[in-house]
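Peer 1: Below is the structure I would like to discuss, written out as structure tokens.
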Amino acid sequence: MNTEWTNTIDPAAPLPEYPRPQLVRESWMSLNGPWDYAITAGKTLPERFEGQITVPFSPEAPLSGVGRALESGQFLWYRREITLPEDFAGKRVLLHFGAVDQTADVWVNEKQVASHIGGYLPFEADITSALGEGKAVITVRVTDETDKSYHTRGKQKTKRGGIWYTPQSGIWQSVWIEAVPQSYVRGLRITPHFDEAEVDITADLVGTECAVAHFAGADYELPAAIPVPDFEAWSPEHPKLYEFTVSCGEDEVRSYFAMRKFSVEKDAAGVPRLFLNNAPYFHNGLLDQGYWPDGLYTAPTDEAMVRDIQTAKDCGFNMLRKHIKVEPLRWYYHCDRLGMLVWQDMPCGGGRYAPAVVAAPLVTGLHLSDGAHGIFGRGDEMGRREFQDELIDMVTALYNCPCIAMWVIFNEGWGQFDAASLTESVRFADNTRTIDHASGWHDQGAGDVKSEHVYFRPYRFRPDKKGRAVVLSEFGGYAYQVAGHVFNSKAFGYKKFDTPEKLSGALEELYRRQILPAQEKGLAAAVYTQLSDVEDEINGLLTYDRSVLKTDAERMRRIVTQE
């Protein structure tokens, strides 16, 4: 199943844009494109490789050119020989991976330079000591147990179907190298202080040089609280970004920030609401899985990512809930610059999910204590520690993205454990955003919001007894199958319609009778399921190939914004 971008991709240079918009360096080289690959039963380097794979598309994705799944117990190998650019001479060389699913070991010229567990987060290695005379052979070995281990896996499942999707493995985000001097900026931490009209910037440095930020014609040695007088506040309606640079000796990086503030406060009537920039702001959202028929986890092009975000805006939505997946950093950059709030889910993991735990609350409303690790598929202590580490790593990796308004730790009890204490861990790592500790059910009374999922009954607003803001973090799921634009003959959805007009009418009725009245009473956010179809699921506003918007954008805008 293709998208309009499938045949426009240059296999020699897919996704050529710089992958990290908040830490841009001029001296870099993309390693996206053809790599040798092999799949083996043993963990030793194969004598021969089987063919070529187009990085950064996983071997299961059509755009990879492979079309083969990595199975449990197998090893996926990548190899590429590179020649370093002349201007890299005499500098440190850093090798970056946006994400590799699930575990990766990396060698350069037969010297191991990195080992990483977790399929959703970036990692890097200083490969300078492993380099030869201007050339390097990079080798990557990957294993992926998908749902046969406790590792984070999101909505991948060995046997896909319904709300679980085709598993994928290996490199699925951009790979690149960059040259830096002996002293350089490894990272930045950017914290806007809205009420104080200043932004706090600190730098993670390597070497002996100090760092200096250059903003609005002035220089500030870091760390520094930099004044931003008479600033323009960032919002979906006015996504103002401020650019700045940081130098560290001979190193220089470009970055940006936005002045905005997220909180839960009481409105004039004493009702807890989500606030943006010290004023109540209703989050009109869409669930966004981030899957593509040609690239699976990987959008085929940068333009494709932008189209999804812009379509949501055109339909009147101001928020996307990034569901059980972490996107490449360019996706968040586009949300920053286009003006789209993001609720960021942590991908789920753990053992097998017991149906009674993950489904019963939808019918019974019963909330269990998530300290009972075994029944939640979290009996493995090492798996719990790994999840907690990855959760904080995700918050740290995405901390600088202005668009992210909320962290969502668990969804519908999938691998849930100790959500209240994990909420405090996230709060310690980032006290500038709101937290949904348990989206849907198994509420432990923690976090900033009472988070509900309602699909099979009319929604009626009820205030939270603990004084949190109330959010409807999933609802709807109305399905319409567009002939010629479906993944297969299966059709999963919570309520089905056979014409676009019936679908649009039902959506209008749903918002008019349930969501808008609830909003007036105190509902702080609503997340409709969903932005696009995904495989069996046909409950998207867009078809899976992104070719057809099932309802008129202007009509949808009027429905959700009350215009």
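Since every read-out is calculated from the coordinates, none of them should be taken as a lab result. Values in this document were obtained by computation on a predicted structure and should not be read as measured data. Neighbour counts run over all protein chains shown; Cβ positions are idealised from the backbone, glycine included.
Peer 1: Restricting to DSSP loop positions (anything but H, G, I, E, B) with no more than 11 other Cβ atoms inside 10 Å of their own Cβ, which chymotrypsin sites (Phe, Trp or Tyr not before Pro) remain in segment 400-460?
Peer 2: F456
Peer 1: For segment 311-321, take each phi angle, set θ = phi - 60°, evaluate the Karplus expression 6.51 cos²θ - 1.76 cosθ + 1.60, and give the result in whole Hz per residue in order, putting x for glycine and proline.
Peer 2: These are the phi-based 3J(HN,Hα) values: 4, 4, 5, 4, 8, x, 8, 10, 8, 10, 8 Hz.
Peer 1: Near K43, which lysines are there with a Cα under 24 Å away, not counting those fewer than 8 places off in the same chain?
Peer 2: Candidates past the 8-residue exclusion: K111, K148, K157.
Peer 1: Provide the per-residue ³J(HN,Hα) series for segment 449-464, in order, calculated from phi with Karplus coefficients 6.51, -1.76, 1.60 and θ = phi - 60°, each as a whole number of Hz, with x at glycine and proline positions.
Peer 2: Each residue of segment 449-464 in turn: 9, 8, 10, 10, 10, 9, 10, 10, 8, x, 7, 10, 5, 9, x, 7 Hz.
Peer 1: In what order do I53, I201, I39 fall by count of nearby beta-carbon atoms within 10 Å, going from fewest to most?
Peer 2: Values: I53 28, I201 24, I39 20.
In increasing order of surrounding Cβ atoms, one gets I39, I201, I53.
Peer 1: Treating the beta-carbon of each Lys and Arg as +1 and of each Asp and Glu as -1, no other charges, what is the dipole magnitude of the chain about its Cα centre, to the nearest 20 debye?
Peer 2: Its charge dipole is roughly 2000 debye.
Peer 1: What is the percent of Cα-Cα separations in segment 262-561 that go past 29 Å? Write down the numbers at each step before the final one.
Peer 2: Values: 14477 of 44850 pairs.
Cα-Cα pairs in segment 262-561 separated by more than 29 Å: 32 percent.
Peer 1: Give the calculated FRET efficiency between Q562 and R160 to the nearest 0.05, with a Förster radius of 22 Å applied to their Cβ-Cβ distance.
Peer 2: 0.05
Peer 1: OK, next. P(r) tail for segment 385-501, what percent of Cα pairs lie past 21 Å?
Peer 2: In whole percent, the long-distance tail amounts to 51.
Peer 1: What is segment 6-180 by shape, rounded, prolate or oblate, if you read a ≥ b ≥ c off the alpha carbon gyration tensor as root eigenvalues and call it rounded for a/c under 1.5, prolate for a/b larger than b/c, and oblate otherwise?
Peer 2: prolate
Peer 1: For L45 and T364, calculate 0.36 nm times their separation in residues minus their Cα-Cα distance, and state this gained length in nm to one decimal.
Peer 2: 109.6 nm
Peer 1: State, in angstrom, two size descriptors of segment 7-73 derived from its alpha carbons: Rg to one decimal place and Dmax to the nearest whole number.
Peer 2: Reported Rg and Dmax, both Å: 14.6, 41.
Peer 1: Sorting E133, E537 on the 10 Å Cβ count, fewest up front, what's the list?
Peer 2: With the sparsest Cβ surroundings first, the list reads E133, E537.
Peer 1: Find the all-direction average of the projected area of the Cα convex hull for segment 354-407, expressing the result in square nanometres with one decimal place. Intermediate values should be presented prior to the final figure.
Peer 2: Working: hull surface 20.5 nm².
Taking the Cα atoms of segment 354-407, their convex hull projects to 5.1 nm² on average.
Peer 1: Under the rule a/c < 1.5 gives rounded, and otherwise a/b versus b/c splits prolate from oblate, where does segment 235-333 land using the Cα gyration tensor?
Peer 2: Because a/c hits 1.5 or more and a/b fails to exceed b/c, segment 235-333 counts as oblate.
Peer 1: Relative contact order of segment 1-151, please, whole-number percent, based on alpha carbon pairs below 8 angstrom and at least 6 residues apart.
Peer 2: Details: 274 pairs, mean separation 31.2, N = 151.
For segment 1-151, the relative contact order is 21 percent.
Peer 1: If you keep only loop residues by DSSP, which trypsin sites (Lys or Arg not before Pro) in segment 260-360 have at most 13 other Cβ atoms within 10 Å of their Cβ?
Peer 2: Counting only loop positions with at most 13 other Cβ atoms within 10 Å, the trypsin sites (Lys or Arg not before Pro) in segment 260-360 are R352.
Peer 1: Now a separate question. Take the Cβ-Cβ distance between R555 and A491 as r, set R0 to 30 Å, and report the resulting FRET efficiency rounded to the nearest 0.05.
Peer 2: 0.80
Peer 1: Spin-label point model (7 Å from Cα, Cβ direction): what's the M382 to A483 distance in nm?
Peer 2: Modelled inter-label distance: 5.4 nm.
Peer 1: Also, I was wondering about something else. Only bridges whose two residues both fall in the chain count here: according to DSSP, what percent of them are antiparallel, nearest 5?
Peer 2: Roughly 70 percent of the DSSP beta bridges within the chain come out antiparallel.
Peer 1: To continue, here is another question. May I ask you to sort Y511, Y18 by Cβ crowding, counting other Cβ atoms within 10 Å and putting the fewest first?
Peer 2: Taking fewest neighbouring Cβ atoms as first place, the list is Y18, Y511.
Peer 1: Moving on to the next point. For the chain, what is the mean residue ellipticity at 222 nm derived from helices alone (per DSSP H run of n ≥ 4: -39500 (n - 2.57); sum divided by total residues; nearest 500 deg cm²/dmol)?
Peer 2: Working: 8 runs with 88 residues, N = 563.
After summing the helix terms and dividing by the residues of the chain, the value is -4500 deg cm²/dmol.
Peer 1: Looking only at Cβ-Cβ distances, which cysteines of the chain have no other cysteine closer than 4.7 Å?
Peer 2: Within the chain, the cysteines lacking a partner Cβ under 4.7 Å are C210, C248, C315, C348, C401.
Peer 1: Please turn the phi angles of segment 197-214 into ³J(HN,Hα) values with the Karplus equation 6.51 cos²θ - 1.76 cosθ + 1.60 (θ = phi - 60°), one per residue in order, whole Hz, x for glycine and proline.
Peer 2: Each residue's phi maps through the Karplus curve to give 6, 8, 10, 9, 10, 10, 10, 8, 10, 10, x, 9, 7, 8, 10, 10, 8, 10 Hz.
Peer 1: Hey, another quick one. Just the ratio, please: alpha-carbon radius of gyration of segment 438-562 over 2.2 N^0.38 Å, N its number of residues.
Peer 2: This ratio for segment 438-562 stands at 1.13.
Peer 1: Here's something else I'd like to know. What number in nm² do you get for the chain if you take the convex hull of its Cα atoms and divide its surface by four?
Peer 2: Its average projected convex-hull area is 25.2 nm².
Peer 1: How far apart, in nanometres, would the label points at D498 and A429 be if each is projected 7 angstrom from Cα along the Cα-to-Cβ direction?
Peer 2: In this crude spin-label approximation the distance works out to 4.9 nm.
Peer 1: Rounded, prolate or oblate: which one fits segment 184-257, using the alpha carbon gyration tensor with axes a ≥ b ≥ c (rounded when a/c is under 1.5, else prolate when a/b beats b/c, else oblate)?
Peer 2: Details: a/c = 2.24, a/b = 1.99, b/c = 1.12.
Here segment 184-257 falls in the prolate category.
Peer 1: Using r as the Cβ-Cβ distance of S27 and D195, and R0 as 60 Å, what FRET efficiency do you calculate, to the nearest 0.05?
Peer 2: Working from the Cβ atoms, E equals 0.95.
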